[in-house]
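What follows is a set of notes on a single structure, which appears directly below.
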Amino acid sequence: MSAEIQEKDSGGKKKAGHMKKLSTRIDFTPMVDMIMLLLTFFMLATSMSKPQTMEIGMPTKDKMDEKDKNEAKASEAVTLYLSKDHKVYYFMGIPDLVKPNFLKQTDFSPEGLRKILLSKNIAVVTKVNELKEKKMKLQVSKEDYDKQLAKLKSSPGTPVVVIKPLDNSTYNDMISALDEMLICNVGKYAITELEPNDKTILKNSNVQYEVAPKN
Amino acid sequence: MPKIKIARKSTWIDMTPMSDVMILLLTFFMLTSTFLKPDPVKVSTPGSVSEISIPEKNIFSVLISPDGKVFLDIDNPDDRTTILEQVAAEYQINLTDKEKKDFSIGTSFGVPMEQFKEFMAIPGEKQKAALPNFGVPTDSTDNQFQAWVKAAREVKGKDMVIAIKADQSTPYKKIKAVMGSLQDLRENRYNLITSLREVSTAKPK
């Protein structure tokens, strides 16, 4: 690229007094060099893909009173405790404080929490899959799809998932749990904090719910 | 036998098509891209299947480092100045014009207000290095984070989006402090920034 070979006019017999015919070709090499440099700079210095986000609505502290709690106690309720080392403890329905070992352990693998939630939410999941197929075949519009999806997700009888991250879980666990809600098409879920009741449950099942003090 | 003469070809390569393509690419990158904003601490966001992308304007971003320090970022220099003035007034700090200007053109911030003046006096490059040692206090006794959110909401109006960005390994306890503070302010809708994760479509077995 470096050496420049000037083409000479083929029949250029030099005669004194004649203007020398200059080649009209311009050497683009330096320009290309510079553009390459700029291009590389822009490619490296910029973020092409915008980060994804999850939208989340939290219950207000004062509004979260009897109604929500009662709802969570219904038979559709699933309570998840996110614990240390990405472990998940869960129970369905109303906790039975007397009976030991009702708390079951699972994890975030496809065979773990997802399987449980999918089987619990099977009616909605099948419908949503049908809807998705319809959308793929362009039988429903985007707006209709969104509307129907929201309707399906909040239809009565669907599970209500209460996510309670323990202090020793990580942010990743919380996101993974929220993610499972999306994957399993669970429409009703909430993140709440531990209540005294939960602490007894966890204590009975020997689950550590506090961050171990560092020595 | 006549010798076959290989015609000498010029080694000149026509660069025009190449530069054409390059300029095209360059223009594309220049127009489509947004610049990476340097974060005071490096965080790797957890993956999720959510495909909603974050709006470009009117963001109040909250960055939580793995050890729980909170940093904030607000877009639009004018808003930054107004918000800073409000928060400074609340903490009875008089700011010089230079400090305001420096703050408005900066990026992420997160220094307790008591140390604000001290911090702004540090020259440019060292400031960046020093920032990760600070962080906005979120304790219940001195919740400056709430003051910032409140001021930002007032200045930017109801369309402002609060985006929380935290590291995968951040303990939930730290997240809880931030989310609790937001809940106190009745800021119940916010976005959690994640990176895209591929997942096989959910099908019941």
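Quick one: among B:46, B:132, B:55, which has the greatest mean-square fluctuation in a GNM of chain B with alpha-carbon springs under 10 angstrom? Top of the fluctuation ranking is B:55. One equal scatterer on each Cα of segment B:58-195, no solvent, Debye formula: the resulting log10 I(q)/I(0) at q = 0.20 Å⁻¹ is -1.31.
Do you know the relative contact order of segment B:58-195, to the nearest whole percent, from alpha carbon pairs under 8 angstrom that are 6+ apart? Relative CO of segment B:58-195 lands at 35 percent.
Summarising the label geometry, the points placed 7 Å from Cα in the beta-carbon direction at residue B:58 and residue B:100 lie 2.5 nm from one another. For segment B:1-122, the Kirkwood estimate of hydrodynamic radius, built from reciprocal distances between every pair of different alpha carbons, is 19.5 Å. When the helix-only estimate is applied to chain B (DSSP H runs of n ≥ 4, each -39,500 (n - 2.57), divided by the residue count), what is the mean residue ellipticity at 222 nm, nearest 500 deg cm²/dmol? Taking each H run of at least 4 residues, the total per residue is -11500 deg cm²/dmol. Charge dipole of segment A:82-177 (Cα centre as origin; +1 on each Lys and Arg Cβ, -1 on each Asp and Glu Cβ, all else neutral): 320 debye, rounded to the nearest 20.
Could you work out the equivalent-ellipsoid semi-axes for segment B:111-190, taking the square root of 5 times each eigenvalue of the Cα gyration tensor, largest first, in whole Å?
24, 17, 13
Dipole magnitude for chain B: about 1200 debye, using +1 per Lys or Arg Cβ and -1 per Asp or Glu Cβ, origin at the Cα centre. Here the residues B:52, B:4, ranked from fewest to most Cβ neighbours within 10 Å of their Cβ, fall in the order B:4, B:52.
Each reported figure results from applying straightforward, stated rules to the coordinates on display, with no laboratory input. Since we're looking at a predicted model, the values are computed, not measured. Positions of Cβ are backbone-derived with ideal geometry, glycine not excepted, and every protein chain shown enters the neighbour counts.
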